[in-house]
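> Structure in structure tokens, see below.
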Amino acid sequence: MKSNEEMVGYLLQYGYASARVADAMLKVDRKRFVPPAYLEHAYDDYPLPIGSDQTISAPSIVALMSKELDARPGMKILEVGAGSGYQAAILAMLVGEKGKVVSVERLSEIAELAKRNLADLGVGNVELAYGDGTKGWEPEAPYDGIMVTAAAPSVPGPLIAQLKDGGRMLIPVGPSYWQELVLVEKIGKKVSQKNILPVMFVPLVGEYGFK
Ligand code: SAH
């Protein structure tokens, strides 16, 4: 695909993006989050390397996870795995100026990359946090929604604890070679899990993730 507009049109047409998610994705040019060596593939529907063995997710997965999370204006969202900052920027558009996104990243050089990319785009409502996101991010908890963009062996307990009553969490769960994208919903003391589709993410490494 040749432009961000064309890519978003495709995501809408195939039902990956809702109208609200498509609007947000139109404001965030994927090209700005892709390393120079891969620019010609910036709008193609697959993941791309961003350094340190990490990847920026495929646009269809970013769109689908954003749609399922259903982030609304004013919400506070936690992202685990900032990577390039692309998903965080889209979440920032969805929650708007009155909302906030906290994105945790465990690799310092990747956290710096995300910070730079977000600053270049002028996104102000994302706080980049550096640390092990399997423990969530206690200082800003609880969250209306949590999005984990790395694969976990199981849903980390601290993330369930930091989710508000009525909150939604999207997380890929399974072994390192493929996972099931899981929607976790917390209603009172009840926590339900629903499988959405098979996916492939880089591993979530940390105390409540892969060792
Ligand atoms: N959402 C990103 C893509 C994420 S790739 C984007 O839009 O570009 C997965 C990221 O998760 C990697 O950067 C990896 O370093 C990070 N990660 C892995 N384990 C983590 C952990 N325990 N805490 C925080 N980040 C983690």
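The values are calculated or read from the model by the stated rules, or taken from the named source; none is laboratory data. Note that the structure is a prediction, hence the values are computed from the model and not measured. In this analysis, Cβ positions are derived from the backbone assuming ideal geometry, glycine residues included, and neighbour counts consider all displayed protein chains. For the accessible areas, the whole protein counts, side chains as well, though only heavy atoms, and no ligand, DNA or RNA atoms are used. Shrake-Rupley method; radii C 1.70, N 1.55, O 1.52, S 1.80 Å.
> List the pairs whose first member sits in the range 184-211 and is at pLDDT below 95, whose second member is open to solvent by 40 Å² or more (accessible area, probe 1.4 Å) and in a strand (DSSP E or B), and whose Cβ atoms are under 8 Å apart, counting only residues at least 6 apart or on separate chains?
Sorted first by the residue in the range 184-211, then by its partner, the pairs are Gly188/Asp165; Lys211/Val205.
> Among the residues of the range 38-72, write down those that are touching a residue at least 12 places away in the same chain (Cβ under 8 Å) and among the aliphatic types (A, V, I, L, M).
Hits for the range 38-72 are Ala42, Leu48, Ile50, Ile56, Ala58, Ile61, Val62, Ala63, Leu64, Met65, Leu69, Ala71.
> For residues that are touching a Gly at 6+ places or on another chain (Cβ under 9 Å) and within 11 Å of the ligand (Cβ to nearest atom), scanning just the range 167-211, find the one that is most open to solvent (accessible area, probe 1.4 Å).
This residue is Tyr208.
> Looking only at the range 135-144, filter to residues that are in a loop (DSSP other than H, G, I, E, B) and either away from the ligand (no atom under 13 Å from the Cβ) or in contact with an Asp or Glu (Cβ under 7 Å, 6 or more places away or on another chain) (or both); which one of those is most open to solvent (accessible area, probe 1.4 Å)? I'd like the intermediate steps shown before the answer.
Taking the range 135-144 and keeping what is in a loop (DSSP other than H, G, I, E, B), we get 136-137, 141-142.
Retained after the next criterion (residues that are either away from the ligand (no atom under 13 Å from the Cβ) or in contact with an Asp or Glu (Cβ under 7 Å, 6 or more places away or on another chain) (or both)): 141-142.
Working: Ala141: 32, Pro142: 64 Å².
So the residue we want is Pro142.
> Regarding the range 10-29, can at least one residue be identified that is open to solvent by 70 Å² or more (accessible area, probe 1.4 Å), within 22 Å of Glu109 (Cβ to Cβ), assigned to a loop (DSSP other than H, G, I, E, B) and not aromatic (Phe, Trp, Tyr)?
So far as the range 10-29 goes, no, none of its residues is open to solvent by 70 Å² or more (accessible area, probe 1.4 Å), within 22 Å of Glu109 (Cβ to Cβ), assigned to a loop (DSSP other than H, G, I, E, B) and not aromatic (Phe, Trp, Tyr).
> Can you tell me which of (1) in contact with a strand residue (DSSP E or B) (Cβ under 7 Å, 6 or more places away or on another chain); (2) away from the ligand (no atom under 15 Å from the Cβ) is the one Ala161 doesn't meet?
The one condition Ala161 does not meet is (1).
> Where in the range 32-134 are the strands (runs of 3 or more DSSP E), entirely inside, with at least 1 residues that are under 23 Å from Glu180 (Cα atoms)? Give the derivation first.
On the way: elements: 48-51, 54-56, 76-80, 100-105, 126-130.
Where strands (runs of 3 or more DSSP E) fall fully within the range 32-134 and carry at least 1 residues being under 23 Å from Glu180 (Cα atoms), they are 48-51, 54-56, 76-80, 100-105.
> If I go through the range 145-200 residue by residue, how many of them are over 15 Å from Val104 (Cα atoms), among the hydroxyl-bearing types (Ser, Thr, Tyr) and not in a strand (DSSP E or B)?
Total satisfying the criteria: 3.
> Here's something else I'd like to know. Within the range 52-74, is there a residue that is open to solvent by 20 Å² or more (accessible area, probe 1.4 Å), closer than 14 Å to Val28 by Cβ, within 10 Å of the ligand (Cβ to nearest atom) and not hydrophobic (A, V, I, L, M, F, W, C)? I'd like the intermediate steps shown before the answer.
Filtering the range 52-74 down to residues open to solvent by 20 Å² or more (accessible area, probe 1.4 Å) leaves 52-55, 57, 61, 64, 67-68, 70, 72-74.
The next check asks that each one be closer than 14 Å to Val28 by Cβ; those that pass are 57.
When the remaining residues are screened for being within 10 Å of the ligand (Cβ to nearest atom), the result is 57.
Checking which are not hydrophobic (A, V, I, L, M, F, W, C) leaves us with 57.
Within the range 52-74, one or more residues are open to solvent by 20 Å² or more (accessible area, probe 1.4 Å), closer than 14 Å to Val28 by Cβ, within 10 Å of the ligand (Cβ to nearest atom) and not hydrophobic (A, V, I, L, M, F, W, C).
> If I ask for residues that are free of Cβ contacts under 8 Å to residues at least 40 places away in the same chain and not small (Gly, Ala, Ser), which ones from the range 11-28 would you list?
Leu12, Gln13, Leu26
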